[in-house]
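Step one of this worksheet: look at the structure below.
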Amino acid sequence: MDVKQVVNALELIEFFATHRRPATLAEISKHFGWPRSSTFNLLGTLANRGYLYEPRAREGVYPSPRWQQLIDAIERAAPLPPSLRTLLEALSKRTQETAVLGAISGGQALFIDAVESPHAVRYSAAPGKLVPLHVTATGRALLSQLSDADRATVLRKAVFERYTPTTLMSVEAVEIEIARSIQRGWFEGAAEFTADLGGVALPLQVGQRQFALLVGGPMFRIQPRREELARIMREEIAAHLQDAGLQPKNQ
């Protein structure tokens, strides 16, 4: 369940990220269809706490550098190894497909970082994108790293909605696919969440942090290359991450 006030604040920040300029109370209220009083309260609260400011008097508000300071502090506390970014770049260049790093966020997989394919027709995977754990290769690679009890808890809360004809529709089906993937050595996405999109995923562990690595794209390009992509991913992991202490799990 989403908390309305939190959603409004996040949508406001996304608005500024898209428009990249100050905006007035009236403009923001009209854009979102929010009551002026609610908009005034939200903007006032953020301004009072230092998260919004007026670059020029009476020309609207804009996010302050305080957001970046917080993000930098959070990132410094648990930074991603630079080798992970290098790995994504190498995978995308070698496979010519989109390479993604994902992690668990509640009942979903969150894309932490991505390097998109140079092809015009490609898998679009912007950081911050969320996909269901049980429906995707990325998600099942993440689920495979949980204990049986933790995975059962997550799957018990999953909503089994049919997105495409190939969507897995039960806990049992997901568990069978995870076991099959572990035995095979890689996880497959076969247009289960988004029609005509597929991928190959591998689990990764960085110290105590658990991730999944995905190479994804249109099914017509991915499906004939599944074993090749899995091999390339293992090779690039070994080449780029051995010194960083990272390794594929369940291989």
Filtered residue count, the range 191-215, keeping only those that are touching a residue at least 24 places away in the same chain (Cβ under 8 Å) and over 20 Å from R226 (Cβ atoms): 6
Every residue from the range 96-114 that is touching a Lys or Arg at 6+ places or on another chain (Cβ under 8 Å) and modelled with pLDDT of 95 or more: E97, T98
Positions within the range 73-95 being at pLDDT 90 or above and closer than 27 Å to R151 by Cβ, in sequence order: L87, L88, L91
A17 more than 30 Å from D113 (Cα to Cα), outside any loop (DSSP other than H, G, I, E, B) and not assigned by TED's automatic domain parsing to the domain that holds R209: no
Condition met for V200 (among the aliphatic types (A, V, I, L, M), at negative phi, out of contact with any strand residue (DSSP E or B) (no Cβ under 7 Å at 6 or more places or on another chain) and outside any helix (DSSP H, G or I)): no
Number of positions in the range 12-37 that are without any contact (Cβ under 8 Å) to a residue 24 or more places away in the chain and over 16 Å from P63 (Cα atoms): 8
Residue in the range 183-195 that is part of a helix (DSSP H, G or I), surrounded by fewer than 19 Cβ atoms within 10 Å (Cβ to Cβ) and assigned by TED's automatic domain parsing to the domain that holds L101 present: yes
Sole residue being in contact with a Lys or Arg (Cβ under 7 Å, 6 or more places away or on another chain), outside the structural domain of Q210 (by TED's automatic domain parsing) and not hydrophobic (A, V, I, L, M, F, W, C), chosen from Y62, Y51: Y51
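The values are calculated or read from the model by the stated rules, or taken from the named source; none is laboratory data. Keep in mind the model is a prediction, meaning the values are calculated, not measured. Note that we place each Cβ from the backbone using ideal geometry, even for glycine, and neighbour counts take in every protein chain shown.
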